[in-house]
Amino acid sequence: MERRYLFGIDDGGRTAGMVSYFFVIGWSIGFFGFHQPNKNTLSAFHLRQTLCLYLAFLVIWFGLSLAPVSLIAQSALFNIDNLKLVIIAAFLGLWVYGLNAATNAQEKPIPVIGPAAQYIFACIIEGH
């Protein structure tokens, strides 16, 4: 069977990996547009990484939003808003780390969540 490439691009999964780091629309384009017609390990690796990164962010973000304020100590230096800023900065750092790896066509897992992503989503996003 002849492989089909979106826009005639055959880059070994690099484009799918890079595009997947741009949240829902980018992940969808990377998965359906680049990965599905030409499955490979690099694109599958980064699609798993970004899916786990975004799901972890959403779970933590909405978990903090739903947590009762009385459970979290309130002070001038520490409050929910400051904690959310720290979480955004941490996820932005992980996002940049992953995007850099995708740009350089490397399979470097994102710290903390990367190995779990490869294990959890291995059967959902396959690479050949």
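Derivation of every value follows stated rules applied to the coordinates shown; laboratory data play no part. A quick note: this is a predicted structure, and the numbers were derived from the prediction, not measured. Note: ideal-geometry Cβ built from the backbone for every residue, glycine included; neighbour counts use all protein chains shown.
For a footprinting-style exposure proxy, rank Y54, Y21 by other Cβ within 10 Å, fewest first. Walk me through the numbers on the way to the answer.
On the way: Y54 17, Y21 23.
Going from least to most buried by this count: Y54, Y21.
Taking each residue as 0.36 nm, the span from A122 to L55 lengthens on full extension beyond its C-alpha to C-alpha distance by 22.6 nm. Among I80, I29, the ranking by other beta carbons within 10 Å of each residue's beta carbon, starting with the fewest, stands as I80, I29.
Set the Förster radius R0 to 25 Å, insert the Cβ-Cβ distance between A90 and L66 as r into 1/(1 + (r/R0)^6), and round the FRET efficiency to 0.05. Efficiency at R0 = 25 Å is approximately 0.80. Remark: spin-label model distance K39-I80 equals 4.3 nm, labels positioned 7 Å along the Cα→Cβ axis.
Among L83, L66, a tally of other beta-carbon atoms within 10 Å of each Cβ gives an order, fewest to most, of L66, L83.
Evaluated at q = 0.12, 0.17, 0.20 Å⁻¹, a Debye calculation over the C-alpha positions of the stretch 7-120 (equal weights, vacuum) places log10 I(q)/I(0) at -0.47, -0.79, -0.98.
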